[in-house]
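The values are calculated or read from the model by the stated rules, or taken from the named source; none is laboratory data. From a predicted model like this one, the values you see are computed outputs, not experimental measurements. Here the Cβ is made from the backbone with ideal geometry for all residues, glycine too, and neighbour counts use every protein chain on show.
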Amino acid sequence: MRALARPVGSVALAGNPDMAESPSRLSISQHKDIHVVEFKDSKILDEINITEIGQALGDLVATRDRSKLLLDFANVDHLSSAALGMLINVNNRIKEQNGQLRLSSIRPQILEVFMITKLNRLFRIFPTRAEALASFE
Amino acid sequence: MGGRNGRSGAKGGGSAGRGPAKRAAAAKPANGAANPGAGAAPLHRMTIASDFAAGRDVQTAILDDIERAGFSEEASFAIRLTLEEALINAIKHGNKLDPAKQVHVEYRVDPRTAEITIEDEGPGFDRAAIPDPTAQENLCRLHGRGILLMESYMSQVEWSRHGRRVRMVKHNQ
């Protein structure tokens with residue numbers, strides 16, 4: 001297959017070069033059968049960014065059933081309630097297809113946002129990526 | 001934990017948690033005019049269109065002042081998050097992105113306190129009627145957490161003009 005010319009910073013979805021490329025805001029890699037996603041933006045605030053991220057994550061899990069997705073928040077120092085809504089939407093879609101979602105490496109200030117909204121009860125959150133990866137069934 | 005406090009009724013004026021007398025020095029004058037002679041920080045007023053880019057400019061202006069005033073990392077985080085939520089609420093939910101409607105912002109920042117008031121020109125809403133987003137049955141909902149975050153992170157939050165206007169105070173800690 002021909003090599004795709006990619007704009008600087010964008011990453012093609014692993015294993016499916018015919019799909020639309022993910023926005024430059026996400027860094028996607030594979031660990032066995034788990035999609036590992038890192039956020040390049042430290043601030044997940046802007047509505048347009050949030051929508052694009054949500055779409056890219058949705059596309060990622062739409063490729064097959066029982067998707068395994070890890071979201072690594074190491075780089076994130078701000079997010080808004082709209083971003084939380086996007087994450088819940090991703091979570092709902094993954095649940096629908098019997099997939100698994102984990103969140104990891106969330107900084108204390110951001111973790112507090114999850115706790116105030118009680119979303120720490122909805123998401124499976126781990127302090128480190130390694131612990132999150134080990135938790136997948 | 002960033003200052004949980006301060007929810008009051010929709011009629012406004014009844015702010016909870018009045019602090020020590022020293023905070024009175026940071027209160028804005030009743031007529032809202034800038035009062036540099038008394039040593040109080042200036043009151044800034046601006047009116048913006050109902051679009052996100054204009055909202056972002058307001059955030060930048062306020063956050064620059066916050067940084068210059070030497071606010072703590074924790075208080076700065078709280079203000080940034082709250083501003084995001086409050087401006088999105090005014091622009092998107094209050095004014096419904098209507099170009100004919102504006103958002104009015106007033107703020108004053110001094111080293112001890114930031115005071116921010118945001119008002120939209122929409123129909124308003126009943127604060128008491130907003131469901132609790134932390135209730136089990138609401139956890140999976142995509143929306144409805146902005147006000148909870150504002151009220152959790154600011155030292156005081158007062159709603160008035162049937163929800164169109166919100167006055168928020170954050171003490172630097």
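Residue A:133 meets the conditions (1) away from every other protein chain (no Cβ under 13 Å); (2) within 23 Å of residue B:77 (Cα to Cα) in every case but one. The failed one is (2). Any residue at all in segment A:62-82 that's closer than 27 Å to residue B:148 by Cβ, surrounded by fewer than 20 Cβ atoms within 10 Å (Cβ to Cβ) and more than 14 Å from chain B (Cβ to nearest Cβ)? Taking every residue of segment A:62-82 in turn, at least one turns out to be closer than 27 Å to residue B:148 by Cβ, surrounded by fewer than 20 Cβ atoms within 10 Å (Cβ to Cβ) and more than 14 Å from chain B (Cβ to nearest Cβ). If you go through segment A:95-129 and pick out every residue that is more than 12 Å from every other protein chain (Cβ to nearest Cβ), surrounded by fewer than 21 Cβ atoms within 10 Å (Cβ to Cβ) and among the β-branched types (Val, Ile, Thr), you end up with 2. Restricting A:93, A:102, A:129, A:66 to those that are in contact (Cβ under 8 Å) with a residue 24 or more places away in the chain, over 29 Å from residue B:86 (Cβ atoms) and under 12 Å from the mean Cα position of the chain (by Cα) reduces the list to A:102. All conditions but one from (1) touching a Leu at 6+ places or on another chain (Cβ under 6 Å); (2) buried (at least 23 other Cβ atoms within 10 Å of the Cβ) apply to residue B:114; the one that does not is (1).
Quick check on residue B:84: is it part of a strand (DSSP E or B), within 18 Å of residue B:158 (Cα to Cα) and within 16 Å of the chain's Cα centre (by Cα)? No; evaluated as a whole, the condition is false for this residue. Every condition in (1) crowded, with 22+ Cβ neighbours inside 10 Å; (2) among the hydroxyl-bearing types (Ser, Thr, Tyr); (3) farther than 20 Å from residue B:60 by Cβ holds for residue B:160 except the one numbered (1). Within segment B:126-156, being buried (at least 22 other Cβ atoms within 10 Å of the Cβ) and away from chain A (no Cβ under 14 Å) holds for B:155, B:156. Apart from one condition, residue B:148 fits all of (1) over 16 Å from residue B:89 (Cα atoms); (2) in contact with a helix residue (DSSP H, G or I) (Cβ under 9 Å, 6 or more places away or on another chain); (3) at pLDDT 95 or above; the exception is (1). Mind checking whether some residue in segment B:122-133 is among the charged types (D, E, K, R), at pLDDT below 95 and assigned to a helix (DSSP H, G or I)? Within segment B:122-133 (the criterion being among the charged types (D, E, K, R), at pLDDT below 95 and assigned to a helix (DSSP H, G or I)), the answer is yes, since at least one residue qualifies.
Counting only helices (runs of 4 or more DSSP H) that sit completely within segment A:44-127, those holding 1 or more residues that are touching a strand residue (DSSP E or B) at 6+ places or on another chain (Cβ under 9 Å) and aromatic (Phe, Trp, Tyr) correspond to A:108-116.
Of the listed requirements (1) buried (at least 20 other Cβ atoms within 10 Å of the Cβ); (2) within 14 Å of another protein chain (Cβ to nearest Cβ); (3) at pLDDT below 95, residue A:51 misses just one: (1).
Just to be sure before I move on: is residue B:72 touching a helix residue (DSSP H, G or I) at 6+ places or on another chain (Cβ under 7 Å) and modelled with pLDDT of 95 or more in the structure I sent? It is false that residue B:72 is touching a helix residue (DSSP H, G or I) at 6+ places or on another chain (Cβ under 7 Å) and modelled with pLDDT of 95 or more.
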